[in-house]
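J.: Here it is: the structure, laid out below.
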Amino acid sequence: MRPGRDLGLRGAAAAAADTILSAASVSKAFAALPVLKNIDLDIRRGEFVALVGPSGSGKSTLLRIIGGFETADRGRILIDGVDVTGETPARRPTGMVFQRLALFPHMSMRANIGYPLKLKGLPPPAVAARVGELMALMHLPEHYAGRLPRQLSGGEQQRVALARALALSPSILLLDEPLSALDAKLKKNLQAEIRDLHRKVGVTFLHVTHDLEEAMVLADRICVMRDGEILQYATPGDIYYRPANAFVASFIGEPNLIPVVAIERNDRGFACRLRWGGQASISLDPGQFATGLIVDGALAKPACLMLRPEHVCLSSRAGGEGSLMARVAEIFMKGATTQFRATTASGLTVSFEVQGARSDLARIGEVVPLEWDARAAFVTAVEPS
Ligand code: ADP
Ligand code: MG
C-alpha cells in the first residue's frame with residue numbers, strides 16, 4: 001500500500017523523525033531557462049503546507065518533481081528518509097491531484113476512484129469496499145457511483161480526484177491548484193472540506209495555489225515562491241505580519257510600504273526615519289525588523305516600513321508624534337469594512353480600513369489626521385536578498 005516504504009533502509013536524514021519530505025538543492029531548467037533554483041524545502045509529518053507564488057514561479061514543476069512526474073536536473077527528494085529521486089510516481093508514497101483534472105472521461109466515478117487500487121492488483125471486493133469508504137469520506141452520494149465525470153459538477157469532479165489520490169493511503173497528498181477552476185462560493189466550501197479532510201486523514205498535504213488568501217485559510221505553513229526561488233517559508237501569521245520582503249507583504253491585501261530613510265538606536269530599540277512627510281519618525285523594538293536587516297546598528301539594505309490598512313485609522317488629534325495629515329482620495333465600501341485611500345503632502349498614498357460601512361467618516365477631498373498602531377508595524381527588505 002505504501003510503495004516508498006520498501007525502497008531501502010531509512011537514511012540518516014530520517015533522524016529528523018518528524019520530517020516527512022525533504023527537497024534538497026533541487027534545480028530544474030527548461031531549454032536552458034532556470035525554473036527552479038536550488039530549492040530546499042522540508043515538510044513535517046502531518047503538516048499542511050501551501051506553496052504559493054505568481055503564475056510561472058515554478059510551483060507545479062516542484063510538485064511534479066516531488067511526485068515523480070518530472071525529473072530534477074540537480075538535487076534530491078527524500079520521503080520519510082528514503083531517497084526517491086529516481087523512482088517512478090507509482091513507487092512513491094504520494095498521491096496527486098493535478099491542476100487540470102485528470103479523471104478518465106469514459107470511466108464512471110466508481111471506476112475512476114478504484115483505478116489505482118485495481119492497478120495494484122487488489123481483488124474486486126476489496127476495491128469496492130475501499131471505493132465506498134473514499135466516497136463516504138468525500139461526501140459523494142452512493143447513487144452517483146455510476147456517473148461519468150461529465151455528469152458531475154466541477155466540485156464533485158474535484159472530490160472524485162481527491163478520493164482517487166487518497167485511494168492508496170499515500171503519506172503525502174500533492175494538490176496542484178485543485179480549486180482554481182471553481183467559482184468563489186464553491187471554492188470556499190471546498191476549502192473548508194479540504195481542511196476537514198486533512199484533519200480526518202492525518203496525511204501530509206502539499207497544496208499549490210496562486211491565492212495567498214486561500215493559503216492563509218488552509219495551511220500550517222506557507223512557502224512563498226517567485227521566479228524559481230523561495231522567498232519565505234513561515235506560518236500564515238508570520239507571512240502576514242512579518243513578511244521577509246515587500247513582495248511577500250504585497251502578495252496579500254494592500255499594505256502601506258513606506259521607505260525607511262535611516263534608523264538610529266534609542267532607548268526602546270530603533271527610531272526609524274520615514275520618507276512619509278510631516279512628523280515621520282517611529283520608534284520600534286528590535287523584534288520589529290526582518291532578520292538580517294540590521295547590521296551593526298544600521299540598515300544593511302533598502303528597507304520599508306509595512307503598516308497594514310487595518311492598523312491605520314483616523315485620528316482625533318492633528319499633528320504630533322505618530323500622526324500624519326492626508327487628503328482622502330478614494331472610499332471603497334467593502335461590506336464588512338470600509339477602505340480609504342488618502343494622499344500625504346509628499347505624494348505618498350496611505351491606505352486604511354475601518355470596520356463597518358463607514359463612508360460617513362470622511363469626504364473625498366477632505367484633509368484628515370491619521371494615526372497608526374506602531375506595535376503592528378514591521379520593517380522589511382524592499383527586495384528579496
Ligand atoms: P507555476 O505552476 O508556478 O505557474 P510552472 O512550474 O508550471 O509554474 O512553470 C514554471 C516555468 O516553467 C514557466 O515559465 C513555464 O512556462 C515553464 N515550464 C513548465 N513546464 C515546462 C515544460 N514541460 N517545458 C518547457 N517549459 C516549461
Ligand atoms: Mg502551476
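Bear in mind these aren't lab numbers, they're just calculated from the coordinates by the rules spelled out. Small disclaimer: the values here were computed from a predicted structure and weren't measured. Here Cβ is always computed from backbone atoms with ideal geometry, including for glycine, and neighbour counts include all displayed protein chains.
J.: Is the shape of the stretch 204-294 best called rounded, prolate or oblate, per the rule: a/c under 1.5 gives rounded, else a/b larger than b/c gives prolate, else oblate, with a ≥ b ≥ c the square roots of the Cα gyration tensor eigenvalues?
T.: Cα axes put the stretch 204-294 in the prolate bin.
J.: Here is a follow-up. Working only with C-alpha atoms, what are the Rg and Dmax values of the stretch 86-220, expressed in angstrom?
T.: Values for the stretch 86-220 (Cα only, Rg and Dmax): 14.3, 43 Å.
J.: So between Ser55 and Val367, what do we pick up on full extension, going 0.36 nm a residue minus the alpha carbon distance? Before the final figure, lay out the partial values.
T.: Numbers: separation 312, 0.36 × 312 = 112.32 nm, distance 3.97 nm.
Result: 108.4 nm gained on full extension.
J.: Using a 10 Å cut-off on Cβ atoms, rank the peptides 329-337, 44-52 from the highest mean neighbour count down.
T.: In decreasing order of mean packing, 329-337, 44-52 become 44-52, 329-337.
J.: Let me ask you something else. Would you mind working out the magnitude of the charge dipole of the stretch 249-381 relative to its Cα centre, with +1 at each Lys and Arg C-beta and -1 at each Asp and Glu C-beta, to the nearest 20 Debye? Mind dumping the intermediate values first?
T.: On the way: 13 positive and 13 negative charges, 36 e Å.
Its charge dipole is roughly 180 debye.
J.: Reachable aspartates and glutamates from Lys187, Cα under 18 Å, same-chain residues fewer than 8 places away excluded?
T.: Glu156, Asp176, Glu177, Asp196, Asp211, Glu213, Glu214
J.: Taking the convex hull of the alpha carbon atoms in the stretch 133-187, what volume per residue do you get, in Å³?
T.: Values: hull volume 5.1 nm³, N = 55.
Considering the Cα atoms of the stretch 133-187, their hull volume per residue is 93 Å³.
J.: Another question, if that's okay. What is the local net charge at Met138, summed over the other residues whose Cβ is closer than 11 Å to its Cβ (Lys, Arg +1; Asp, Glu -1)?
T.: Once all neighbours under 11 Å are counted, the net charge is -1.
J.: Share of antiparallel DSSP beta bridges in the stretch 8-246, in percent to the nearest 5?
T.: Antiparallel bridges make up about 55 percent of those DSSP assigns within the stretch 8-246.
J.: So what is the 222 nm mean residue ellipticity for the chain from helices alone, if each DSSP H run of at least 4 adds -39500 (n - 2.57) and you divide by all residues, rounding to the nearest 500 deg cm²/dmol?
T.: -6500 deg cm²/dmol
J.: Taking just the alpha carbons, could you work out the radius of gyration and Dmax for the stretch 249-381, both in angstroms?
T.: Cα only, the stretch 249-381: 15.0, 48 Å (Rg, Dmax).
J.: Rounded to the nearest angstrom and ordered from largest down, what semi-axes does the equivalent ellipsoid of the chain get from its C-alpha gyration tensor (root of 5λ)?
T.: Details: eigenvalues 432, 137, 48 Å².
Equivalent ellipsoid of the chain: 46, 26, 16 Å, largest first.
J.: What number do you get for the stretch 16-146 when its Cα radius of gyration is normalised by 2.2 N^0.38 Å, N = residues?
T.: 1.24
J.: Filter the cross-link list Lys28/Lys185; Lys118/Lys200; Lys59/Lys200; Lys59/Lys188 down to pairs whose alpha-carbon distance in this structure exceeds 32 Å.
T.: Check vs 32 Å cut-off fails for Lys28/Lys185.
J.: Using 19 Å as the cut-off for backbone N distance, which residues of the stretch 165-199 belong to the label zone defined by a point 7 Å from the Cα of Glu213 along Cα→Cβ?
T.: Inside the label zone: 177-195.
J.: Could I ask something else about it? Using the Karplus curve 6.51 cos²θ - 1.76 cosθ + 1.60 with θ = phi - 60°, work out ³J(HN,Hα) for each residue of the stretch 143-159 in order, rounded to whole Hz, and write x for Gly and Pro.
T.: 6, 8, 4, x, 6, 7, x, 5, 8, 10, 6, x, x, 5, 4, 5, 5
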